[in-house]
Amino acid sequence: MFLLVGADSEIGKATRAHLCRRHRALATTRRALGAGDDLIALDLAGDLAAWEPPAGVAAACICAAVARLGQCAADPIASARVNVAGTLALVERLVAHGIYVLFLSTNQVFDGRIPNVPAATPPVPVSEYGAQKARAEAGLRALMDRGAPIAILRLAKVVSSQTVPLRAWKASLAAGRPIDPPAFHDMTMAPTPIGAVARAIEALMNDRASGIFQLTGPRDVSYFEAARFLAERLAADPALVVRASVAGAGLPPGAAPAHTTLDSSALRSRYGVAVPDSWEVLEALCSSSDSPDMPDMI
């Protein structure tokens, strides 16, 4: 049985739906549970000393995190309580029960100066969020060195029909309005379909793979280029795509790395999980559902 820690996140929600079609899977939430909820209450900011994993869990994926760069920068103590201390405490509890752990990390552990960063490259974070994830990774690698069944999966911009700002751009363009938020010409992404992420998580958990894995698109495109592409595919007026710069936007440190791509060859060669070119990913988003109930598994 699989356990997903953090079912409220976009990745957690999509992965849970994907896994439940093939496996028995449980999930946790930090929100208050209502009647009939089939979730387990778990808050990484709380005391985990007495927490016990459900019986029968063989593998767990940790999706939960304080992932907003601004939130981490504004309150590094509270965010690190979740992203570092709480995460490592949970992993130790899971490993003590013989449970395999897959930890979701981020391209933010690097400074973004070079593309397609190899997995073995030492972290050089710029953002507070990246620094916290790098500290969590260091703690996990120490456990891995002692033989703990752990893997790390680094991701960058994961997209679905619900992803900000893509959903907002599509709505604005469809209504003939200038896009809001504006599109930064000096901020990049290598969009990774959420379905590919779910498949990678399933493969790694099934195989109980160890080590560091990465999954991003093969090349970076600017947010402005992405918005212009959406306008073209939706037959919208390209003048509706408002070009903006990160300069003066008040973004936290590390919000606009030059490159977000990571070397994803290990997942491709071992499990056949690969991300198409950015334009193929965005093309699929143009025709995907806008239902908020289930992120598209493109």
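The values are calculated or read from the model by the stated rules, or taken from the named source; none is laboratory data. This structure is a prediction, so every number in the text was calculated from the model and none was measured. Reconstructed Cβ throughout: ideal geometry from the backbone, glycine too, with neighbour counts over all protein chains shown.
Quick notes on this one:
- Annotation note: of ALA209, ALA266, the sole residue that is at pLDDT 95 or above, closer than 23 Å to LEU3 by Cα and not β-branched (Val, Ile, Thr) is ALA209.
- Qualifying residue in the stretch 116-136 (condition: out of contact with any strand residue (DSSP E or B) (no Cβ under 7 Å at 6 or more places or on another chain), touching a residue at least 24 places away in the same chain (Cβ under 8 Å) and of a type in the set (Lys, Arg)): yes
- Which listed residue, of ALA65, ALA55, ALA14, ALA50, is part of a loop (DSSP other than H, G, I, E, B) and within 30 Å of VAL126 (Cβ to Cβ): ALA65
- Within the stretch 138-179, the residues that satisfy the criterion of being among the small types (Gly, Ala, Ser), in contact with an Asp or Glu (Cβ under 7 Å, 6 or more places away or on another chain) and either free of Cβ contacts under 8 Å to residues at least 60 places away in the same chain or under 22 Å from THR261 (Cβ atoms) (or both) are SER160, ALA168.
- Residues of the stretch 250-264 satisfying the condition of being touching a strand residue (DSSP E or B) at 6+ places or on another chain (Cβ under 8 Å) and under 11 Å from ASP186 (Cβ atoms): ALA256, PRO257, ALA258
- Filter result (in contact with a Pro (Cβ under 6 Å, 6 or more places away or on another chain) and either surrounded by fewer than 16 Cβ atoms within 10 Å (Cβ to Cβ) or over 17 Å from MET187 (Cα atoms) (or both)) within the stretch 211-241: ALA231, LEU240
- Contacts under 7 angstrom Cβ, first residue in the stretch 93-108 being surrounded by 20 or more Cβ atoms within 10 Å (Cβ to Cβ), partner of a type in the set (Ser, Thr, Tyr) and not in a helix (DSSP H, G or I), 6 or more apart: ASN107/THR216; ASN107/THR260; GLN108/SER127
- Figure legend. Inter-residue proximity from the stretch 180-202: first residues under 16 Å from ARG219 (Cα atoms), second residues among the acidic types (Asp, Glu), beta-carbon distance below 9 Å, spacing 6+ or different chains. Indicated pairs: HIS185/GLU225; THR188/ASP220; THR188/GLU225; MET189/ASP220; ALA190/ASP220; PRO193/ASP296.
- Residue list for the stretch 39-57, restricted to those being within 23 Å of the chain's Cα centre (by Cα) and at pLDDT below 90: LEU39, ILE40, ALA41
- The one condition from (1) buried (at least 18 other Cβ atoms within 10 Å of the Cβ); (2) among the β-branched types (Val, Ile, Thr); (3) outside any strand (DSSP E or B) that THR28 does not meet is (3).
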